[in-house]
Amino acid sequence: MIREVTIEDKTVEINSSAGWLYKYRSRFGHDILPDLMPILESVLAAGASVLQESGGEINEQTIMAALDNDALVDAFIKVSGMETLTVLNIFWAMAANADKSIASPEEYFNQFDVFPMDVIVPALFTAVVESSVSSKNAERLLTKIRELSPSDWTQSRSQESIEG
């Protein structure tokens, strides 16, 4: 799926079809899965919660019920804790998947004076969800994410800082 992201005054296309996974691996020398583990950990924790609360029955309804605000905030906190270079690498791979003429990551990112992570991370998260989750469930998940208010996210981050 191709989407546009505006960075400064430039419009950049990113393509989240499966080809970006190959670009990522061939350029950075390893699979994306280890870099996504923090996010997957929060998804697995939600899955364990579903198992426990549903008496062991997992289906679409029990999974979607687990996607409450706390689970989503946790996933966003995990995303925000990813290394900056991982986010840049994912972005580059998706951009290179959309435009085969894109330069090396080092050269590519030098064209931007500012690279707003608050714009980039949600765009990447949305692109990954839309390309790797069924369209029905992707829309439900993204709707729940959009329902989160910024104060929910900030409050949970502050609480995590106090506890951690």
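Remarks
- Considered as a group, the residues in segment 75-134 that are of a type in the set (Phe, Trp, Tyr) and at pLDDT 80 or above include one that is farthest from residue 35 (Cα to Cα), and that residue is 112.
- Positions within segment 1-42 being assigned to a helix (DSSP H, G or I), more than 20 Å from residue 117 (Cα to Cα) and modelled with pLDDT of 90 or more, in sequence order: 19, 21, 22, 23, 25, 26, 27, 28
The values are calculated or read from the model by the stated rules, or taken from the named source; none is laboratory data. Just so it is clear, the structure is predicted and the values come from calculations on it, not from any experiment.
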